[in-house]
Amino acid sequence: MAHVHPYPDPALQEVIDRNRTARQLITAFSSTTLTLADIWQHVTIALDDTLTLAAQITRLHAALSRVRRQRADMIAAARATLAAHHDGEADPLFYLRDELTAQHADEVGRGEAG
């Protein structure tokens, strides 16, 4: 059974495009209504938060994808270990040790190992 994500991926590029449009409108409004310039500045700062959140979502999505891949690889190694044990292989735990070593090497390569 395929894993169904409970929340659809946000269309971040569309969010960023709408953010850019809003910024352009604010620039036009603030230049025509100088008395409201301070208010438009607050709105612009709030729009900055949108871009920050979009960048954070992108980083978290990449991290989640890595974790999902590691989990799938670990499940495959566990299944291979069980099958090797069932088949009477001399070292059935080789598959788990190999996968743990590979995942550790990936973490070290990304600077995440502690």
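The values are calculated or read from the model by the stated rules, or taken from the named source; none is laboratory data. A quick note: this is a predicted structure, and the numbers were derived from the prediction, not measured. Because the Cβ atoms are built from the backbone with ideal geometry, glycine has one as well, and the counts that use them run over all protein chains shown. What goes into the accessible areas is simple: the full protein's heavy atoms, side chains included, and nothing from ligands, DNA or RNA. Shrake-Rupley method; radii C 1.70, N 1.55, O 1.52, S 1.80 Å.
Loop-located GluC sites (Glu not before Pro) across the stretch 1-105 with a Cβ neighbour count of 13 or fewer within 10 Å are lacking, with loop assigned by DSSP.
Of the options (1) 15.1; (2) 18.6; (3) 16.4, only one is Kirkwood radius over Cα pairs in Å as computed from these coordinates, and that is (2). Computed in the context of the full set of protein chains, the accessible area of the chain at 1.4 Å probe radius has 63% of its extent on carbon or sulfur. Taking A46, A90, A80 in turn, the Gaussian network model of the chain (Cα-Cα springs below 10 Å) assigns the largest fluctuation to A90. For the chain, the solvent-accessible area with a 1.4 angstrom probe is 79 square angstrom per residue.
Counting only DSSP H runs of at least 4 residues, each contributing -39500 (n - 2.57), and dividing by the residue count of the chain, the helix-based mean residue ellipticity at 222 nm comes to -28000 deg cm²/dmol. Against the criterion of solvent-accessible heavy-atom surface with a 1.4 angstrom probe, T27, T35 sort, most first, into T35, T27. L51 sits among other residues whose Cβ lies under 11 Å from its own Cβ, and their net charge, with Lys and Arg +1 and Asp and Glu -1, is 0.
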